[in-house]
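Presented below is the structure to which this report refers.
The values are calculated or read from the model by the stated rules, or taken from the named source; none is laboratory data. Every value quoted in this text rests on a predicted model; they were computed, and no experiment measured them. Because the Cβ atoms are built from the backbone with ideal geometry, glycine has one as well, and the counts that use them run over all protein chains shown.
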Amino acid sequence: MSRNSTAPGQGSGGETLSLLLEKALLGQRLAEEEALLLFSVQDGQVWEIASAADRKREKVVGNRITYVRNQNINVTNYCINSCGFCGFSKKPGDPDGYLYDLPEIRRKTELARSRGVTEICTVSGLHPDFNADSYVKTIAAIHETGPEIHIHASNPMEVSYAARKSGLSTLEVLRIMKDAGLGSLCGTAAEILVDEVRDVICPGKIRTDEWVRIIREAHGLGIKTTATIMYGHCETIADRVRHLSILRQIQDETGGFTEFVPLSFIHMNTPIYRSGLARAGATGREDLLMTAVSRLFLDNIDHIQVSWVKTGIKMAQLGLLAGADDLGGTMFEESISKGAGARNTDYLDPAEMERIALDIGRPLRQRTTLYELL
Ligand code: SF4
């Protein structure tokens, strides 16, 4: 591996850790070096951090666990990029490549309506023929077919690509997407917001400063976004902390993030794992700490989501005991994590979500994309 995957796990003195957790619970902001210390804990003190994050979660959002009825429409898997962590993208001529036309997108939207879906999420490959109009037409087709459905679409990479292909500014692209029916923007393509890491895992993607600029532009237009991190490949814990710090800074300025979603790296079918540039994903300890430290460090983002698609349902439940309050979406259809080798990605029944929630003594509530309770 070209970068150390974790910083030396030195743990922390029990006293230091207790003081630090107390500080976070009192509402005092943690410094980057304090988050670094939390991430470095390797022994049973992990449970203390998880427990503090759980108490913080209760203070911030109470006991309920939320979820959204959503469905993905990944319009195409053809992509001009070749991100090293991606097992989803295909090149023209590849037998597994696909591209949905507008009638198919409408048909899938109808299907989503019949399932009572309140959110359609569309993020796709960067198709060589796509431009701003392609994204706008996709959004418009969904919006016309299901006007009551919230469209959670695209990410800063797609906005940048659309702008470049159409000779527009990213701000203009966001405006026309919003006019076509975009409800909120996906905060993916963030991966790790450290260019040194991006150079290894996704050299063709936008740089950190462009991701940040487009997110700020979206928030400035009143378009809320999610915030994500993809961890467990070749980043250090210092990189994770830097990433969280950038998100916290943006949220201080705009308040435009609805939630934070840690995405655990699925390694199996990915080029960076196969070539030895990445390790085999995060461990359970790391998954748990990612959720817990996020809850403690991101004092201005109310909702922390567990991604059952990435970590599996059992680990997701533990995340709900370590600071998370949201189970994400039902999904109904998912291709991106499946492409990278994840299993059980297709659908999580709300009845199963309820079983998971009640098992830890907490009620399950359906929400909208923007966290209104239904
Ligand atoms: S992560 Fe997205 S941009 Fe990168 S190769 Fe995969 S589909 Fe393309």
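So which of 89, 169, 154 is farther than 30 Å from residue 274 by Cβ and hydroxyl-bearing (Ser, Thr, Tyr)? Walk me through how you get there before you give the answer.
On the way: 89 fails: farther than 30 Å from residue 274 by Cβ; 154 fails: farther than 30 Å from residue 274 by Cβ.
None of the others qualify; the one that does is 169.
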statement: If we keep only residues of region 299-309 that are of a type in the set (A, V, I, L, M, F, W, C) and touching a residue at least 60 places away in the same chain (Cβ under 8 Å), then the residue surrounded by the most Cβ atoms within 10 Å (Cβ to Cβ) is 304
Single condition residue 85 does not satisfy, out of (1) modelled with pLDDT of 95 or more; (2) surrounded by 22 or more Cβ atoms within 10 Å (Cβ to Cβ); (3) out of contact with any Gly (no Cβ under 7 Å at 6 or more places or on another chain); (4) not small (Gly, Ala, Ser): (1)
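Only one residue in 330, 270 is within 16 Å of the ligand (Cβ to nearest atom), buried (at least 22 other Cβ atoms within 10 Å of the Cβ) and at pLDDT below 95. Which one? Break it down into steps so the answer makes sense when it comes.
On the way: 330 fails: within 16 Å of the ligand (Cβ to nearest atom).
The unique qualifying residue is 270.
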task: Output the qualifying pairs, or none if there are none: Cβ atoms under 8 angstrom, residues six or more apart or on different chains, first residue in region 204-226 and without any contact (Cβ under 8 Å) to a residue 40 or more places away in the chain and among the hydrophobic types (A, V, I, L, M, F, W, C), second residue assigned to a helix (DSSP H, G or I) and more than 16 Å from the ligand (Cβ to nearest atom).
output: 212/246; 212/250
statement: Given (1) crowded, with 18+ Cβ neighbours inside 10 Å; (2) within 16 Å of the ligand (Cβ to nearest atom); (3) of a type in the set (Lys, Arg), residue 164 misses just (1)
- request: For region 132-141, name all the residues that are away from the ligand (no atom under 16 Å from the Cβ) and under 27 Å from residue 213 (Cα atoms).
  value: 132, 133, 136, 137, 139, 140
- line: For residue 70, the lone unmet condition from (1) surrounded by 15 or more Cβ atoms within 10 Å (Cβ to Cβ); (2) at pLDDT 95 or above; (3) under 30 Å from residue 117 (Cβ atoms) is (2)
- request: Give the residues of region 209-258 that are surrounded by fewer than 20 Cβ atoms within 10 Å (Cβ to Cβ) and within 16 Å of the ligand (Cβ to nearest atom), sorted by residue number.
  value: 210
field: Checking residue 205 against (1) more than 14 Å from the ligand (Cβ to nearest atom); (2) assigned to a loop (DSSP other than H, G, I, E, B), the condition it does not meet
entry: (1)
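Is it the case that region 178-190 has a residue that's out of contact with any His (no Cβ under 8 Å at 6 or more places or on another chain), within 20 Å of residue 121 (Cα to Cα) and in a helix (DSSP H, G or I)?
At the first step, the residues of region 178-190 found to be out of contact with any His (no Cβ under 8 Å at 6 or more places or on another chain) are 178-179, 182, 187-189.
Of the ones still in play, those that are also within 20 Å of residue 121 (Cα to Cα) are 178-179, 182, 187-189.
Still in the list and also in a helix (DSSP H, G or I): 178-179.
Yes, region 178-190 contains at least one residue that is out of contact with any His (no Cβ under 8 Å at 6 or more places or on another chain), within 20 Å of residue 121 (Cα to Cα) and in a helix (DSSP H, G or I).
If we scan region 148-159, do we find a residue that is assigned to a loop (DSSP other than H, G, I, E, B), closer than 24 Å to residue 328 by Cα and away from the ligand (no atom under 16 Å from the Cβ)?
yes
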field: Tally, over region 109-130, of residues that are acidic (Asp, Glu) and closer than 14 Å to residue 78 by Cα
entry: 1
- prompt: Do we have any residue at all in region 139-151 that's without any contact (Cβ under 8 Å) to a residue 40 or more places away in the chain, in contact with a Phe, Trp or Tyr (Cβ under 6 Å, 6 or more places away or on another chain) and either under 25 Å from residue 86 (Cβ atoms) or surrounded by fewer than 24 Cβ atoms within 10 Å (Cβ to Cβ) (or both)?
  reply: no
query: Just for region 113-123: of the residues that are without any contact (Cβ under 8 Å) to a residue 60 or more places away in the chain and β-branched (Val, Ile, Thr), which one is farthest from the ligand (Cβ to nearest atom)?
result: 120
- prompt: Can you spot a residue in region 128-138 that is closer than 26 Å to residue 204 by Cα, hydroxyl-bearing (Ser, Thr, Tyr) and in a loop (DSSP other than H, G, I, E, B)?
  reply: no
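Just a yes or no: is a residue in region 33-40 surrounded by 18 or more Cβ atoms within 10 Å (Cβ to Cβ) and closer than 27 Å to residue 146 by Cα? Let's see the steps before the verdict.
Within region 33-40, the first condition is being surrounded by 18 or more Cβ atoms within 10 Å (Cβ to Cβ), and the residues that meet it are 34-39.
Subset that is closer than 27 Å to residue 146 by Cα: none.
Looking through region 33-40, none of the residues is surrounded by 18 or more Cβ atoms within 10 Å (Cβ to Cβ) and closer than 27 Å to residue 146 by Cα.
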- prompt: Any idea how many residues of region 66-112 are away from the ligand (no atom under 16 Å from the Cβ), closer than 27 Å to residue 319 by Cα and not in a loop (DSSP other than H, G, I, E, B)?
  reply: 5
- request: Please specify each residue of region 45-67 satisfying the condition of being surrounded by fewer than 19 Cβ atoms within 10 Å (Cβ to Cβ) and either modelled with pLDDT under 95 or aromatic (Phe, Trp, Tyr) (or both).
  value: 47
